[in-house]
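Taking it in order: structure first as structure tokens, then the write-up.
The values are calculated or read from the model by the stated rules, or taken from the named source; none is laboratory data. Owing to the predicted nature of the structure, the values given are computational and were not obtained by experimental measurement. Don't worry about glycine lacking a Cβ; one is built from the backbone with ideal geometry, like all the others, and counts go over all protein chains shown. Side chains are part of the model used for accessible areas, which takes the heavy atoms of the whole protein and leaves out ligands, DNA and RNA. Shrake-Rupley method; radii C 1.70, N 1.55, O 1.52, S 1.80 Å.
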Amino acid sequence: IVDVVFTALTYYLVGYGISFGEPSTPFMGKGCFPADGGYDEVASGMRYSRYVFQMAFAATSTTIVSGAVAMRLKFFVYVLYSLIAVVFYSFVAHWTLADDGFLKTMGVHDFAGGASVHVFGGINGLVATLFLGPRTGRFDG
């Protein structure tokens, strides 16, 4: 639960603007810091609903790693990782999900977060397990 709370806060303050902020470049969004809809009811409702939907993707990309590093990291270190990972995920999300993201303009199609969420989380989990090594005492018999 703490992971999702920190993910939601980080994605609200920084991540959504990098992912879908206007104006934007093919590399990143440059606006919507934080993901505020302003005073227009329809525009703010659309932005907040998109924020919640995309925040769930960002949380999933970070929580994939929690299973890979279970019992091998201190809690504070994992929370710090999840804060940093949400920011990096935001760039990947912009590249594949935003209308002007450079991968999307090259023809990449991200079906249900397969590229931006699961590949990003899986690679992070692999790198973390390579750095941490095996769980000590787990398979000693």
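Top to bottom by accessible area (1.4 Å), largest first, where do Met71, Met55 land? Walk me through the numbers before you get to the answer.
Details: Met71 160, Met55 30 Å².
Most to least solvent-accessible, the answer reads Met71, Met55.
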Item to check | Accessible area (Å², per residue) of the chain, counting only protein heavy atoms and a probe of 1.4 Å | outcome: 58
Checklist outcome for this item: segment 50-141: relative contact order from alpha carbon pairs under 8 Å, six or more residues apart, as a whole percent, is 41
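Take the solvent-accessible surface of the protein heavy atoms, probe 1.4 Å, and return the percent of it on the chain that carbon and sulfur atoms account for.
71
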Next on the checklist: Computed from the coordinates I sent, log10 I(q)/I(0) by the Debye sum over Cα atoms at q = 0.15, 0.21 Å⁻¹ equals one of (1) -0.83, -1.42; (2) -0.67, -1.34; (3) -0.74, -1.23. Tell me the label.
Outcome noted: (3)
Checklist outcome for this item: Simple spin-label estimate for Val5/Val119, 7 Å along Cα→Cβ, in nm, reads 3.4
